[in-house]
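Just so it is clear, none of the values below were taken in a lab; they were calculated from the coordinates. These numbers were taken from a predicted model, which means no experiment stands behind them. Glycine also receives a Cβ, built like all others from the backbone with ideal geometry; neighbour counts cover every protein chain displayed.
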Amino acid sequence: MVGTVVFAVCAVGAVASGVAVFVVDSMARATFALLASFLLTGVAILLLGLSYLGVLVILMMVMEMMVMAVFMIMYMMNPAGLMPMTMVHNRAGSLAVSGVVFLLLAAGIVLVPWPEREGTPPPDPTLALGEAIMGRHMLVMMLVGLVLFATMVAATVLATHRGRYERYGDDLRRGRPDDPIGGGLDR
Amino acid sequence: MSGVAPPWAVLLVPALLIVLGYGAAAGTAALRARAAGAAPVSGLTAPARESARLLVQRRRTIPGTDTLLWRLGGALVPVAAVLAALVIPLGSTAVSDPSVGVVWFNAMEVVVWAALWMLGWGANSVWGLVGGYRFLIQGLSYELPHMFALTAAALGAGSLRVGDVVAAQEQVWFAVLMPAAFVVYLVSALAMAFWGPFGTPVGRDLAGGVAAELSGVDLLVLRAGRYVFLAAVAAMAVPLFLGGGAGPLLPGWVWTLVKTAGVLALLVWLGHRLPAVRMDRFTEVGWVVLVPVTLLQVLAVAVYVLVR
Amino acid sequence: MDLTGWLLRRAVPRPFVVTTVGGTGARLAVERIVRERGWRRALSPADADLLVVCGPANADADEALDRVWAQLPGPRARARVGAPEQARHALDTARADLLDVAAQRRDADARDRSARAAADPDEDMPGGLPMAGRGEDRDGLTLDRLHLSLGPALPDWPAGLSLRTVIQGDVVQEAHVSLVGARDGAASFWGAPDGDRGGRSTAAALDSAQRLLSVAGWPAAALSARRLRDALLEPGPRPGTGAELRRWRHMVGRSRLLRWSLRGLGRVGDGAPEELRGDAADRWARWLGRIGTASDPGPPGAAPGGPDVARTALDLLPDLVVGQELASARLVVASLDPDTEAVGAYAPEPGT
């Protein structure tokens, strides 16, 4: 009973704050509306008994949305920009696309023959999750991690216009790098 | 060994945090009074008198503010502190001891990132905005070492449950077993409570930073919330690294409080004795020194767990 | 029961102290009383309930001060301390004004009425404020350009100095220096003849040091420095001050964290006067040296720099802060600590 009520509140809240993203007139509020939607989804995951995944969603989404807020706002708005704005471009087109996608997904929920549950949930889902990831699929997960990390490093290297020759001189002999704002370790 | 407290204990958590937070504020004021050449005793009433001033002071209205986010941001700081503290056992009993208590603490503590940024942004002031940015970069600098320090403690216990982490320290405290993780935890405790050397998001050079435009009860909530948060992160050090309520003679809950007060006193003293850490310099230290140090610490703990 | 009055009487006031050019003596007197009474200085007008203006009135500064006064949330009171000997009386009067609940309520009502009358809802611009313009930053990204005026009413900031900046993120992109209320013929407080065994020179260095320590986020050490500075400026014997000064010097001189924060900031070449050369850490070490020579028995320390040094510092300032993060810019200003009273009327050289 309590679970049903909490789920209903979270489900309605998540959808409502998701809608709010496109209704509010400020980039900051849109960011936090999206964050609220993610957090309520995290609570719904907690209700499934997947406490680790649920808390992790909350943790990661707060951090991620804060970093995102900086990027969205640094390029777009003045402080506390309540300047009338909208997250929607091409209003008619986007409404049509999102309506069709919603109908397709909803039809999928109704039409797909869902399998019956076999077996019982593990006593400790966190442990089961860890074993699933780190057991048989260890190699895949490590490769995925490595690829992700390499992508991030490569993207940063491509984005910066200052390389080691700018920092340490043409023959890389400079003792201290020549940076606009130096770091704490002189390297 | 851990039990779950009766429901009314939920009210005990904020009460204890406020008492500890008041103690931290009074200790800070006493150290300050001594530096000013006055009697340190006058510090005991200083937080109460400051609260009286802020209760009378009017709230501000500034043109162009995002009032919703501005007010919400300040209120989130004490709320996050209390939520984070729900998993901290007093003696052997916690309000809640979920199987992922360590991650829960981590998730609630990160809410302060959002809180401070909302505060800085909402005030429509350059000082606040710069303060908000500063706290985000501070977060990105301390968070990874902090997570690895938590991971080291959880790895040593083989569980993310705070009660299990305490139980795993029956022989030897994790502060002894993994000193690097403990030190990094203390550094990140200062950083996440934007306190002392890591107080630049509300720093004097920014005319108060994210708090630059706050007044009256809003400012009271933020200042009190920061001390409450400091008390919560100090309290979490006890089950993670200092053996929880373990100790001779006295009951467990007394030992938890004594150890928490000790950690809190250390943090307050560090705030008094150290100048601010400039974040543009600390970021490199965080990523180039602290992340590898904590990774090596996790490796050492993993090897220890395997050969034990 | 009058709860507001009861709380007000128990509250410790928090003054926002602003110094105008020529007000250093008054500022020292005010800071001393504030410290002795266990008050704390406010970080921003929003935090304050007293506005304390140290120094003579002048039209330009008064305009800025009126804006600051409007930012005090209330209950609020205002004090002007023209000369050091007025400080005690002015602060007492302001405190009494603060406790006058009836007058404070009238002030609050009047402000609310005028705010409602002035309210002019503008659909396009929230709060009637224009949107930030944009421009290319150091890395070629198009970011908001925010205009921020540092000073003249800023804590731990040279009297009358105004640094108008354009910042993107928290990096200063442009900076222009001017002096508010400076005039020729004004006497510098620290440049006055020293009849007191080198105490004044040490006190000047301590005053610069406490300002830098405040900006560097070490309020406890700054507070001790202010206490020692006040003790040194007192006429007559000062037992025990020498030993305390040595202890303080030992404590701050040993701080590697502070030197690490200051290193490499605001580097000034060898063409400049000796007092300004090197980076912020060098200038900090030089102050400590000056304090050290005076705390030990021996020859009095070198006199602080004269008008030329301060003028050169002001000329150098814009180039030193451009491209720096806001915290670094404040540390650079504090480490130069130009004696604005010595400069006289100042106009930046064309082209800077």
Review point. Residue by residue, what Karplus-based ³J(HN,Hα) values in Hz, rounded to whole numbers, does the range B:174-187 have, using 6.51, -1.76 and 1.60 with θ = phi - 60° and x for Gly and Pro?
Key: 5, 4, 7, 6, 9, x, 4, 4, 5, 5, 4, 4, 5, 4
Review point. For chain C, what is the mean residue ellipticity at 222 nm derived from helices alone (per DSSP H run of n ≥ 4: -39500 (n - 2.57); sum divided by total residues; nearest 500 deg cm²/dmol)?
Key: -14500 deg cm²/dmol
Practice item. Sort out for me the Cα centre separation of the range A:128-151 from the range B:20-49, rounded to whole Å. Key: 52
Practice item. Would you mind getting the Kirkwood hydrodynamic radius of chain A from its Cα pairs, rounded to one decimal in Å? Key: 21.5
**Study point:** For the range C:139-147, 3J(HN,Hα) per residue [Karplus equation, 6.51 cos²θ - 1.76 cosθ + 1.60, θ = phi - 60°, Hz, x = Gly/Pro]
**Key:** 8, x, 8, 8, 10, 4, 9, 9, 9
Check your understanding: Given the rule -39500 (n - 2.57) for each run of at least 4 DSSP H residues, summed and divided by the residues of chain B, what is its mean residue ellipticity at 222 nm, to the nearest 500 deg cm²/dmol?
Key -> -22500 deg cm²/dmol
Exercise for review: Before anything else, pin down the relative contact order of the range A:1-82: Cα pairs under 8 Å, at least 6 apart, normalised by residue count, whole percent.
Suggested key: 30
Point to revise | Degrees, to the nearest 10: B:67-85 long Cα axis against longest axis of chain B | key: 30
Review point. Can you list, bin by bin at 10 Å, the percent of alpha carbon pairs in the range A:109-152, starting at 0?
Key: 23, 26, 30, 20, 1
Review point. If you plug each phi of the range A:139-146 into the Karplus form 6.51 cos²θ - 1.76 cosθ + 1.60 with θ = phi - 60°, what whole-Hz ³J(HN,Hα) values come out, in order, with x for Gly and Pro?
Key: 4, 4, 5, 5, 5, 4, x, 5
Revision key, fill the gap. Largest fluctuation, B:Gly132, B:Gly216, B:Gly225 only, Gaussian network model of chain B with Cα springs under 10 angstrom, belongs to B:Gly216
Review point. What nm value, rounded to one decimal, do you get for the distance between B:Arg59 and C:Arg67 when each label is placed 7 Å out toward the C-beta?
Key: 2.7
**Study point:** Radius 10 Å from Cβ of B:Ser51, net charge of other residues (Lys, Arg +1; Asp, Glu -1)
**Key:** +3
Check your understanding: Quick one: net charge of C:Arg76's neighbours, Cβ under 10 Å, K/R +1, D/E -1?
Key -> 0
Point to revise | Euclidean distance of C-alpha centroids, the range C:1-71 and the range C:74-108, integer Å | key: 9
Check your understanding: Using modelled backbone amide H atoms (1.01 Å from N, in-plane), which distant-in-sequence or interchain residues come within less than 5 Å of C:Gly278's amide H?
Key -> C:Val268
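From the C-alpha gyration tensor of the range A:123-187, pull out the three semi-axes of the equivalent ellipsoid (sqrt of 5λ each), sorted largest to smallest, in whole Å.
After scaling each eigenvalue by five and taking roots: 41, 14, 10 Å.
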Practice item. Could you tell me the distance between the Cα centroids of the range B:130-200 and the range C:207-282, to the nearest Å? Key: 34
Point to revise | P(r) weight above 25 Å for the range C:3-117, C-alpha pairs, percent | key: 20
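State, as an integer percentage, the relative contact order of the range C:3-117 based on alpha-carbon contacts under 8 Å between residues 6 or more apart. List each step's numbers first, then the result.
Working: 173 pairs, mean separation 32.9, N = 115.
Computed value for the range C:3-117: 29 percent relative contact order.
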**Study point:** Cut-off 9 Å between beta-carbons: net charge of the residues surrounding C:Ala132, Lys and Arg +1, Asp and Glu -1
**Key:** +1
Study note, to complete from the structure: Expressed in angstrom and ordered largest first, the alpha-carbon extents of the range A:1-82 along the principal axes are 46, 24, 13
Practice item. Return the long-range amide H neighbours of C:Arg80 (sequence gap of 5 or more, or a different chain), with a cut-off of under 5 Å between placed amide H atoms. Key: C:Val53
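Work out how much length C:His176 to C:Ala243 would gain on full extension: take 0.36 nm times their residue separation and subtract the Cα-Cα distance, in nm to one decimal. Walk me through the intermediate numbers first.
Values: separation 67, 0.36 × 67 = 24.12 nm, distance 4.27 nm.
Value of the extension gain: 19.9 nm.
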Review point. Taking Cα pairs under 8 Å and at least six residues apart, what relative contact order does chain C come out at, in percent?
Key: 17
Review point. So for the protein assembly as shown: antiparallel DSSP bridges make up what percent, rounded to the nearest 5?
Key: 60
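Divide by every residue of chain A the summed helix terms, -39500 (n - 2.57) for each DSSP H run of at least 4, and state the resulting mean residue ellipticity at 222 nm, rounded to the nearest 500 deg cm²/dmol.
Computed ellipticity for chain A at 222 nm equals -22500 deg cm²/dmol.
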Practice item. Could you tell me the convex hull volume per residue, in Å³, taken over the Cα atoms of chain C? Key: 169
**Study point:** Normalised convex hull volume, the protein assembly as shown, alpha-carbon set, Å³ per residue
**Key:** 216
Exercise for review: Determine Rg/Rh for the range B:130-216; Rg is computed over alpha-carbon atoms and Rh is the Kirkwood hydrodynamic estimate from the same atoms.
Suggested key: 1.14
Exercise for review: Report, in degrees rounded to the nearest 10, the 0 to 90 angle that the Cα long axis of helix A:91-111 makes with the longest principal axis of chain A.
Suggested key: 50
**Study point:** Long-range HN-HN contacts of B:Thr93 with modeled amide H, under 5 Å
**Key:** B:Gly3
Check your understanding: For C:Glu274 and A:Asp178, FRET efficiency with R0 = 22 Å and r from the beta-carbon atoms, rounded to 0.05?
Key -> 0.25
Exercise for review: Starting from the Cα coordinates of chain B, work out the convex hull volume and express it per residue in Å³.
Suggested key: 129
Review point. Which angle between 0 and 90 degrees, to the nearest 10, do you get for helix A:125-134 versus the longest principal axis of chain A when only C-alpha atoms count?
Key: 50
